[in-house]
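The values are calculated or read from the model by the stated rules, or taken from the named source; none is laboratory data. Small disclaimer: the values here were computed from a predicted structure and weren't measured. Methodologically, a virtual Cβ is constructed for each residue, glycine included, from the backbone with ideal geometry; neighbour enumeration extends over all protein chains shown.
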Amino acid sequence: MPKPFAPKVVTANALIEGDVVYLAADDAWVRDLAQAEILTDEAVAQVRLLEASARAHEAVGVYLADVAPGTTGPQPTHFREDFRRRGPSNYYHGKQASR
Amino acid sequence: MYRYTDFDTAFLAERNRQFRAQVERRISGALTEDEFKPLRLMNGLYLQLHAYMLRVAIPYGTLSSAQMRQLALLAEKWDKGYGHFTTRQNIQYNWPKLTDVPDMLDALAEVGLHAIQTSGNTIRNVTADHFAGAAADEVADPRPVAELLRQWSTDHPEFQFLPRKFKIAVTGAPNDRAVIKAHDIGIEVVRRGDEIGYRILVGGGLGRTPMIGKEIAAFVPQADLLPYVEAVVSVWNLLGRRDNKYKARIKITVHEHGIDEIRRLVEDRFVETRAAFNGADLEIFDHIRAQFAPPAFRNAPDDVYDAAYATDPVFRAWADTNLTAHKVPGYAIAQISLKAHGETPGDASAEQMRVLADLAERFGHDELRISHEQNVVLPHVHRSDLPKMHKILKAHGLATANIGRISDIIACPGMDYCALATARSIPIAQKIATRFDELKTEADIGELKIKISGCINACGHHHVGHIGILGLDRGGVETYQITLGGDATQDAALGDRTGPGFSYEDIVPAIERIVGAYLEQRESPEETFLQAYRRLGMAPFKAALYDTADAQSEAA
């Protein structure tokens, strides 16, 4: 049995600001993981990744990150993605400060 | 200090103009990220976890007060009001926008600073002993030769696409404070009779496969230095493993071919490089050296110092840990700790940078140093000025008396900033420092160097920490491995792994148990942690780590 496909979001860093962005269902880049589109089908995820990677003038380093669906939208399943959506732990900087 | 010539200024202006145009072409879409990335890396610009990061070189760790003020300006104008000093004597800005970076580089150029070759597969910022020109044990100031190497390596056409990055460090003293044995090339200034020359080590490095550098030449005369170093890099440039980036560093080349074979190849190549140098490098060296003349030291009474030392216990504690003997009587080398308990190691606010610049101007012959241990050094302070200086430091959170102590921790940015990191480093350093400050045992523990890296690349020098901590991702959980017995000095040694790692929650108690075992088993308070480890070996520390009731309850 192949492993079941873990849900994903498309994520990257914005070209100008360098901060973390996620792809929403309406093709906009959003700053908040809660607004990202959850991809539960592997084929669809690959297509969304290709489309997003083509937008090289907007975002850098596009990839698929694992998430788990939650009541407030997608939740990170790895600590790296948790830090990316929040900001550093030594200062109240980054996304946590702009909420 | 070295002053830029018209050539230097014009070179930097042209380079910054080129980078500005490259950024514009990236934004317009004329350059892809794949095309732009090597260009931005050549100019010190990374893309990290939350933002871009600009790494600015501080050549051989030396800054004037005007340069320090400009670093403060950058922090305030284009960052979040602070900068992070690194183990390679660089400063990193964690939050610039891509569109701001060309302006930042122009601002740096105004004071003779740049970010060239602070990244990429090139010869990186040349580092040096942070006590250069001040240390009592020095054969000669290592900075003129570091500057010569900087000029030679900057934009060197043969060395812009090396198999991997290449790091050079120089010490002018037999007591190595520049970790030269953990560099691709380590250079020690030595004397043979009346002649000054250079002992060359090669193939040191930390990272995935840590190696201690090996001697390739015991004495290279001044006239042969650049051609010899060029021969070393040239041999590696051809031989280095471009097929596998984990095997590309010169330490692997030396390991695979053996130091004797590398020496033979270098000596063959040296015949050619030597013939290509015409002596212009020696003229340039003399010109550089003249600019590193010692400042006009003054002769003054220092009874103010003695009085403060006798009556002010806070000053005395600071003087005992943060001052080092200067080669000139009446002077001291003052280390300003950027390791206030609970703060981020190596970070300084713009305000603190300005205070340090003012102090250097007022008391320190206008000179500052950044140490690889992520502290600031005022290398030439008259002892009579120290009490006044200490008062000002205290008022700005800069008077922490902990140099060389358990809270004077080296920590890389780790997963709070770095895209390569596998775990966090900074909060571990903060928690250890805070814990031992609460316990009030720092002074009793004495000299103990903890070094923390957030991944195998070892920017935090964990292999050569008396206690090294390496943060890893084990099955999606931050896990910290401990090594003991590392040494970053002339007696460089790699630490030994204790065994299984510890979780984020358990790493500080684990460090406490190691320190507890040391305090219990040392022969006297004079026996340092490292000496005790060398005498006792791993067993008692391993027992304290894994066999005690505390350890058992953690495992449960």
- Lone qualifier among B:Ala357, B:Ala419 - being surrounded by fewer than 24 Cβ atoms within 10 Å (Cβ to Cβ), in contact (Cβ under 8 Å) with a residue 40 or more places away in the chain and under 30 Å from B:Cys455 (Cβ atoms): B:Ala419
- Note on the structure: Scanning the range B:367-402 residue by residue, those of a type in the set (Asp, Glu) and within 25 Å of B:Asp176 (Cα to Cα) turn out to be B:Glu367, B:Glu373
- Somewhere in the range B:288-309, is a residue without any contact (Cβ under 8 Å) to a residue 24 or more places away in the chain and under 26 Å from the mean Cα position of the chain (by Cα)? yes
- Task: Could you list, in sequence order, all residues of the range B:446-504 that are polar (S, T, N, Q), away from every other protein chain (no Cβ under 14 Å), part of a strand (DSSP E or B) and touching a residue at least 24 places away in the same chain (Cβ under 8 Å)?
- Result: B:Ser453
- Over the range B:408-422, the set of residues over 23 Å from B:Met353 (Cα atoms), facing chain A (nearest Cβ under 10 Å) and outside any helix (DSSP H, G or I) is B:Ala419, B:Ala421, B:Thr422
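Within the range B:71-101, how many residues turn out to be more than 21 Å from B:Ala146 (Cβ to Cβ) and more than 14 Å from chain A (Cβ to nearest Cβ)? Before you say what the answer is, go through the steps one by one.
Initial filter on the range B:71-101 (more than 21 Å from B:Ala146 (Cβ to Cβ)): B:72-84, B:93-101.
Checking the rest, the ones that are also more than 14 Å from chain A (Cβ to nearest Cβ) come to B:72-74, B:76-77.
Number satisfying all stated conditions: 5.
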- Item | Out of B:Pro221, B:Pro174, sole residue that is modelled with pLDDT of 95 or more and within 23 Å of the chain's Cα centre (by Cα) | B:Pro174
- Task: Considering every residue within the range A:30-49, establish whether at least one is without any contact (Cβ under 8 Å) to a residue 24 or more places away in the chain, within 14 Å of chain B (Cβ to nearest Cβ), surrounded by 12 or more Cβ atoms within 10 Å (Cβ to Cβ) and not aromatic (Phe, Trp, Tyr).
- Result: no
- Note on the structure: Given (1) out of contact with any helix residue (DSSP H, G or I) (no Cβ under 9 Å at 6 or more places or on another chain); (2) of a type outside the set (A, V, I, L, M); (3) over 20 Å from B:Asp320 (Cβ atoms), B:Gln352 misses just (1)
- Message: Being over 15 Å from B:Lys167 (Cα atoms) and part of a helix (DSSP H, G or I) is true for just one of B:Ile216, B:Ile252, B:Ile262, B:Ile196. Which residue is that?
- Response: B:Ile262
- Message: If I ask for residues that are surrounded by 24 or more Cβ atoms within 10 Å (Cβ to Cβ) and part of a loop (DSSP other than H, G, I, E, B), which ones from the range B:165-178 would you list?
- Response: B:Gly172, B:Ala178
- Message: Just checking: which of the strands (runs of 3 or more DSSP E) contained wholly in the range B:299-407 hold 1 or more residues that are acidic (Asp, Glu)?
- Response: B:347-349, B:367-370
- Note on the structure: Of B:Ser425, B:Ser349, B:Ser384, the only residue that is within 14 Å of chain A (Cβ to nearest Cβ) and surrounded by fewer than 21 Cβ atoms within 10 Å (Cβ to Cβ) is B:Ser349
- Note on the structure: When B:Val23 is run through (1) touching a Lys or Arg at 6+ places or on another chain (Cβ under 7 Å); (2) part of a helix (DSSP H, G or I), the failure sits at (1)
- Query: Within the range A:66-98, restricting attention to residues that are surrounded by fewer than 22 Cβ atoms within 10 Å (Cβ to Cβ) and hydrophobic (A, V, I, L, M, F, W, C), which residue is farthest from the other protein chains (Cβ to nearest Cβ)?
  - Reply: A:Ala68
- List the pairs whose first member sits in the range B:17-28 and is within 14 Å of chain A (Cβ to nearest Cβ), whose second member is in a helix (DSSP H, G or I), and whose Cβ atoms are under 7 Å apart, counting only residues at least 6 apart or on separate chains? B:Gln22/B:Phe36; B:Gln22/B:Leu39; B:Val23/B:Leu98; B:Val23/B:Val101; B:Val23/B:Pro102; B:Arg26/B:Phe36
- Note on the structure: Taking the range B:177-216 and the residues there that are within 15 Å of the chain's Cα centre (by Cα) and charged (D, E, K, R), the one that is farthest from B:Asp129 (Cα to Cα) would be B:Asp184
- Note on the structure: Looking across the range B:29-50 at residues that are among the polar types (S, T, N, Q) and within 11 Å of chain A (Cβ to nearest Cβ), the single one that is nearest to B:Cys418 (Cα to Cα) is B:Gln48
- Sole miss for B:Ser153 among (1) polar (S, T, N, Q); (2) surrounded by fewer than 24 Cβ atoms within 10 Å (Cβ to Cβ); (3) touching a Ser or Thr at 6+ places or on another chain (Cβ under 7 Å) is condition (3)
